[in-house]
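See below for the structure under consideration.
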Amino acid sequence: MKKTFVIEGMMCQNCVKHVQNALDKIGVKATVSLDSHTATIEDAGNITDEAIRKAIVDAGYAVKWVGRMFNGSIVELLKRI
């Protein structure tokens, strides 16, 4: 199941790379987007949502919510942070 983390504080492509590197470091396959301010998790393996959130926060950004997306729209809010 793909999950989307909405991220606050990304302002440029360097921010995107910073978040991407933080997620890569914990073994999470994700696509990070500056346009939508999101990280879409393709494959988290056994990594928990909390560990993903912590990696993003430790990189210097805030996570606003986690949800499932379909065609660019939220279809299910899983957790508001």
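The values are calculated or read from the model by the stated rules, or taken from the named source; none is laboratory data. A quick note: this is a predicted structure, and the numbers were derived from the prediction, not measured. FYI the Cβ positions are ideal-geometry reconstructions off the backbone, even for glycines, and counts take in every protein chain you see. Ligands, DNA and RNA are stripped out before the accessible areas are found, and what is left, the full protein with its side chains, is counted by its heavy atoms. Shrake-Rupley method; radii C 1.70, N 1.55, O 1.52, S 1.80 Å.
Where residues in region 48-81 are part of a loop (DSSP other than H, G, I, E, B) and closer than 22 Å to residue 15 by Cα, which of them is modelled with the lowest pLDDT?
We begin by selecting, within region 48-81, every residue part of a loop (DSSP other than H, G, I, E, B); these are 48, 59-61, 71-72, 81.
Among the residues that remain, those that are also closer than 22 Å to residue 15 by Cα are: 59-61, 72, 81.
Values: 59: 97, 60: 97, 61: 98, 72: 61, 81: 58.
In this case the residue turns out to be 81.
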Task: Given (1) at pLDDT below 90; (2) surrounded by 14 or more Cβ atoms within 10 Å (Cβ to Cβ); (3) small (Gly, Ala, Ser), index of the condition residue 39 fails - done: (1)
TODO: Answer yes if at least one residue in region 3-24 is in contact with a helix residue (DSSP H, G or I) (Cβ under 9 Å, 6 or more places away or on another chain) and open to solvent by 60 Å² or more (accessible area, probe 1.4 Å), and no otherwise.
DONE: no
Open item on the list: So, in region 21-47, exactly how many residues are within 16 Å of residue 10 (Cα to Cα), over 10 Å from the mean Cα position of the chain (by Cα) and in a loop (DSSP other than H, G, I, E, B)?
Closed with: 3
